[in-house]
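Trainee: I'd like to ask you about the structure that follows.
The values are calculated or read from the model by the stated rules, or taken from the named source; none is laboratory data. Keep in mind that this is a model prediction, so the values were computed, not measured. Here the Cβ positions follow ideal geometry from the backbone for every residue, glycine too, while neighbour counts run over all protein chains shown. These area figures cover heavy atoms from the full protein model, side chains too; ligands, DNA and RNA do not enter into them. Shrake-Rupley method; radii C 1.70, N 1.55, O 1.52, S 1.80 Å.
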Amino acid sequence: MLNQDSLAQLKGLKSQMEAEKERTEAVIKGTQARYGFAVLDDGREIFIPPDEMLKAFPDDRVKVCIRPAKDNRVIADIEKLVDSPLADFTGRCVRKGKALFVEPDLPQLRRWLFIPPHARNGVKEGDYVRAGILRHPIRDGKPQAKILSVIGSDDTPGIENAYCMAKYRLPAEWSSASRKDLEKRLAECQPLADERRQDLTDLEFISIDAAKTQDIDDALYAQVAEDGWTLFVAIADPTAYITPDSSLFEDVTARGATVYFHGDILPMLPEELSQETCALSEGVDRPALVCRISVKDDGSLGDFEFCEATIRSRAKLSYFAVDRYLSGQADELMMHASPLEALYQVYRALRANRENHHLVMEDRREYRWLLDDNKRIENIEPYEKLQSQKLVEECMIATNRCAASFLRQREATGPYVVHAGFRADRKEELQHFLELHAPALLEKDPAEVEGYGDIMRGLAAPEHDLPLRGMVNRLLTRAEISDAPGPHMGMALPCYTNCTSPLRKSLDFLVHLQLKRLLRGEPASGTGNASLEQLKERIGNARSATQEAERWLAGRYLERLAAGDNAVFRGRVSHVTSSGFNVRLEETGLEGFVDLRKDPEKFSYDKWTASLTSTTRRFQLDQVVDLAFEGLDRENTYQANFALQAGCGLKPPKAKKPAAEEGEESGEAG
């Protein structure tokens, strides 16, 4: 038995151990491994051992006990669950023995969750599902899940799109409140009777779009003027039916944009508006926001004005038909010759001016995916952008420029699209890059629109041996949506926004609201930075969904090609990192990654030449490479992985010196 002194010592030791413990709340941070971290409110991150991590999910808020451990480390024990935000998620049903589990498609949750028999909802092994938490693991580390719905299996047509829509929570249905709101607005609104609208139905507007397009959101007309042309761009006006205080407005802004999957579309607006009531369809009067622009002979923009108007499109023309007319291959559009000829001349002037004074995105080969009845890729066809498409593009850019100037002149809170150009933290790298490759451009100021444009045009010049324009991409920022005006360096413009697709893009819709407020003499302070941040998040979320679905579809197509006679793929290096490089396939435009970390040879990365070099091989930006398809990385959103064909990228052999030179170097007589 312990004497009183020993008991007192044990009691003191126990008190000391308790004093060294700290109890507080924390948020669980998961990792790719079995362990995790408790993130305290003061920013500290405390290690959680694997056995303790079994009791919680990532992002759970819990009470933890922080205590000393071996090796002078501190660890956290999970004591109580405070809140668990994990309600439902997507994943795949897997089997182990007779038991069924769901494998969550969550980046920080790498454990299977048991599905008890009564919660299976008809699910089968291999099914893609939406699941919910049936039992939290806080008590014993044994969570359970329930199947909320079965999305489909690998054999379900369009499973790629359907699963990604569910994973990224893209709304496919309209709320009942929005439906009621829509019915009411359609019954009550009479925008054509608004006295503020100018009657422009005498102008011969035409729309130029894809043959199957129904949500026509712009129409064009141009006529010759004394010093150039007058361009009229009519834009559909859904804001005549949707007000910011409506349920429909909330649903529209929550979607962010029409989301285009291959084979499926999630529209931003109800089809009753986008394809019927608001679409600038042929032969019917429609409300529109019209921009009248004076285009000078040299393609510069003169005076402009916006107005609310009523227009009537004379014809819905397809890109293909207009392109045939412009190239002299067909004359079936002669009845529209006057506006088409004027529009073509406007396009050529606008394009030439932008090429000479601003920055124009380099034409890149486009690819058209042809799907079979199961919504799988049957074939991929390359094509070049048509002149008719470029014509419409130039007219839209001109209108967007005018909209940005209109908002800025009246000190409106945007929204604007800004691009800062080179990253502020990469100025020294840019300086060194220009010193190495283009010293003549060092005198240009990259922080000014003109200087930035000069630098980018100089780097794109054909006399350089290296693809300098592509090499500086890693130094650039991304374009952003902002409530304050700023330059768009990527286009070498003092300010820019988007306003020409209000049926398909929430940003354009918001710009319309602002333009109309200003036209009516109302304060244009309807957008704030917080709402724009939400818009950016929604647009980014939709982009992630479509990109993952595209990679999944593309991977299946590559698997089919690799299993056939097309085992060798030719691609071009599109981006170089220290780990390997991205490639874009020449015939299909599909993209993937070559991981050189697994290669027996060691490669050194040179960021100044965008290259990877080993003893025998070298790879650099824009280089053509021959590849073999290795498979899809399902854990990395279906990234396609490629391996190099034997002999690819070998350095040229060193030229052998003449025998006379070898003799001289060795000191031998000739």
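Trainee: Would you please name the residue that is nearest to V449 (Cα to Cα), looking only at residues in the stretch 472-507 that are open to solvent by less than 50 Å² (accessible area, probe 1.4 Å) and polar (S, T, N, Q)?
Mentor: Among them, the one singled out is T477.
Trainee: For the stretch 295-307, state whether one or more residues are in contact (Cβ under 8 Å) with a residue 12 or more places away in the chain and in contact with a Ser or Thr (Cβ under 6 Å, 6 or more places away or on another chain).
Mentor: Checked against the condition, which is being in contact (Cβ under 8 Å) with a residue 12 or more places away in the chain and in contact with a Ser or Thr (Cβ under 6 Å, 6 or more places away or on another chain), the stretch 295-307 yields at least one hit.
Trainee: Run A337 past the list (1) more than 29 Å from the chain's Cα centre (by Cα); (2) of a type outside the set (S, T, Y); (3) under 18 Å from T213 (Cβ atoms) and report the number of the one that doesn't hold.
Mentor: (3)
Trainee: Filter the stretch 285-322 for residues that are of a type in the set (G, A, S) and within 19 Å of T201 (Cβ to Cβ); which is surrounded by the most Cβ atoms within 10 Å (Cβ to Cβ)?
Mentor: Step one: list which residues in the stretch 285-322 are of a type in the set (G, A, S), which gives 288, 294, 299-300, 302, 309, 313, 315, 318, 321.
Next, from what is left, pick out any that are within 19 Å of T201 (Cβ to Cβ): 288, 309, 313, 315.
On the way: A288: 30, A309: 21, S313: 27, A315: 18.
Checked the stretch 285-322; the qualifying residue surrounded by the most Cβ atoms within 10 Å (Cβ to Cβ) is A288.
Trainee: Here's another thing I want to ask about it. For the stretch 151-168, what are the residues that are in a loop (DSSP other than H, G, I, E, B) and free of Cβ contacts under 8 Å to residues at least 40 places away in the same chain?
Mentor: Scanning the stretch 151-168 gives S153, D154, D155, T156.
Trainee: Within the stretch 42-54, identify whether any single residue is aromatic (F, W, Y), touching a strand residue (DSSP E or B) at 6+ places or on another chain (Cβ under 8 Å), open to solvent by 10 Å² or more (accessible area, probe 1.4 Å) and without any contact (Cβ under 8 Å) to a residue 24 or more places away in the chain, and answer yes or no.
Mentor: So far as the stretch 42-54 goes, no, none of its residues is aromatic (F, W, Y), touching a strand residue (DSSP E or B) at 6+ places or on another chain (Cβ under 8 Å), open to solvent by 10 Å² or more (accessible area, probe 1.4 Å) and without any contact (Cβ under 8 Å) to a residue 24 or more places away in the chain.
Trainee: May I pose another question? Residues being assigned to a loop (DSSP other than H, G, I, E, B) and open to solvent by less than 70 Å² (accessible area, probe 1.4 Å): count how many of those fall in the stretch 108-150. Write out each step before concluding.
Mentor: First pass over the stretch 108-150, keeping only residues assigned to a loop (DSSP other than H, G, I, E, B): 108, 110-112, 115-116, 120-127, 136-143.
Narrowing further to those that are open to solvent by less than 70 Å² (accessible area, probe 1.4 Å): 111, 115-116, 120, 122-123, 126-127, 136-138, 141, 143.
Of the residues in that region, 13 qualify.
Trainee: Please go through the stretch 250-276 and give me each residue that is open to solvent by 30 Å² or more (accessible area, probe 1.4 Å) and assigned to a helix (DSSP H, G or I), ordered by number.
Mentor: Taking the stretch 250-276 and keeping what is open to solvent by 30 Å² or more (accessible area, probe 1.4 Å), we get 250-251, 254, 260, 262-265, 267, 271-272, 275-276.
Once the filter is applied, which keeps residues that are open to solvent by 30 Å² or more (accessible area, probe 1.4 Å) and assigned to a helix (DSSP H, G or I), the stretch 250-276 yields E250, D251, A254, E271, E272, Q275, E276.
Trainee: Can you name every residue in the stretch 398-428 that is touching a residue at least 60 places away in the same chain (Cβ under 8 Å) and part of a helix (DSSP H, G or I)?
Mentor: Within the stretch 398-428, A398, T399, N400, R401, C402, A403, A404, S405, F406, L407, R408 qualify.
Trainee: Next question. Go through the residues of the stretch 170-193 one by one and say whether even a single one is within 24 Å of C93 (Cα to Cα), open to solvent by less than 40 Å² (accessible area, probe 1.4 Å), in a helix (DSSP H, G or I) and not polar (S, T, N, Q).
Mentor: Checking the stretch 170-193: not a single residue is within 24 Å of C93 (Cα to Cα), open to solvent by less than 40 Å² (accessible area, probe 1.4 Å), in a helix (DSSP H, G or I) and not polar (S, T, N, Q).
Trainee: Just the residues that are under 30 Å from S300 (Cβ atoms), open to solvent by 30 Å² or more (accessible area, probe 1.4 Å) and either without any contact (Cβ under 8 Å) to a residue 12 or more places away in the chain or not aromatic (F, W, Y) (or both), please, taken from the stretch 210-249.
Mentor: Q223, V224, A225, E226, D227
The rows are residues; the columns are (1) open to solvent by less than 40 Å² (accessible area, probe 1.4 Å); (2) part of a strand (DSSP E or B); (3) modelled with pLDDT under 95; (4) over 30 Å from E384 (Cβ atoms).
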residue: L553; (1), (2), (3), (4): yes, no, no, no
residue: G571; (1), (2), (3), (4): yes, yes, no, no
residue: H575; (1), (2), (3), (4): no, yes, no, no
residue: F593; (1), (2), (3), (4): yes, yes, no, no
residue: D626; (1), (2), (3), (4): no, yes, no, no
residue: E635; (1), (2), (3), (4): no, no, yes, yes
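Trainee: When you go through Y367, Y347, Y325 one by one, which is the residue that is of a type in the set (S, T, Y), open to solvent by 10 Å² or more (accessible area, probe 1.4 Å), outside any helix (DSSP H, G or I) and touching a Leu at 6+ places or on another chain (Cβ under 9 Å)?
Mentor: Y367
Trainee: Which members of the stretch 89-107 meet the condition of being exposed (fewer than 15 other Cβ atoms within 10 Å of the Cβ), assigned to a strand (DSSP E or B) and charged (D, E, K, R)?
Mentor: Those that are exposed (fewer than 15 other Cβ atoms within 10 Å of the Cβ), assigned to a strand (DSSP E or B) and charged (D, E, K, R): R95, K96.
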